[in-house]
């Protein structure tokens, strides 16, 4: 495939991705710093994408650049993990698409955060499973410590906070989704 053909195909792919996400050009402009007119010309094929623009768009959509340019499939099904540190915690995204259900591995350092945190609320629903260590979950008036192998789920509009009370790191698998997308755990397979 010729380079010009690859670059021509990027515009329709960008438009489809934006529409699939339900994002307007104005919203995308605010999140990337790229003007609405430039975004419109990119999508229509009136402007060739540069590496700088593709990097900004890939970051906004949380996809790899090769998805934007339709790079050939390598046959490697692995999700390439890129840990992010926030507030002393490590988040490892296990899914690549924003919106809908998202999966993370979270690593809480020993004695994190070092104080009694204020409970927070936000839209969404969370399911978590403790892989190792202990995780103290403050959920409304409830104060529960989960250990390895235990799971919890809750509406994130309920005030909540997390604490690692132990001397070892705590590792958690967390699934987070927009409000109403509840996760379901089955003890055995459903009958066929």
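Read-outs: derived from the displayed coordinates by stated rules, not from any lab. All of these numbers come straight from a predicted model, not from anything done at the bench. Backbone-built Cβ (ideal geometry, glycine too); neighbour counts: all protein chains shown.
For a label point 7 Å from the Cα of residue 103 along Cα→C-beta, name the residues of the range 111-147 whose backbone N is under 20 Å from it. Correct set: 125-133.
For residue 151 and residue 51 in one chain, what is 0.36 nm times their gap in residues minus the Cα-Cα distance, to one decimal in nm?
Details: separation 100, 0.36 × 100 = 36.00 nm, distance 4.24 nm.
My answer for the length gained is 31.8 nm.
Between residue 65 and residue 94, the distance separating the two model label sites (each 7 Å from Cα on the Cα→Cβ line) works out to 2.9 nm.
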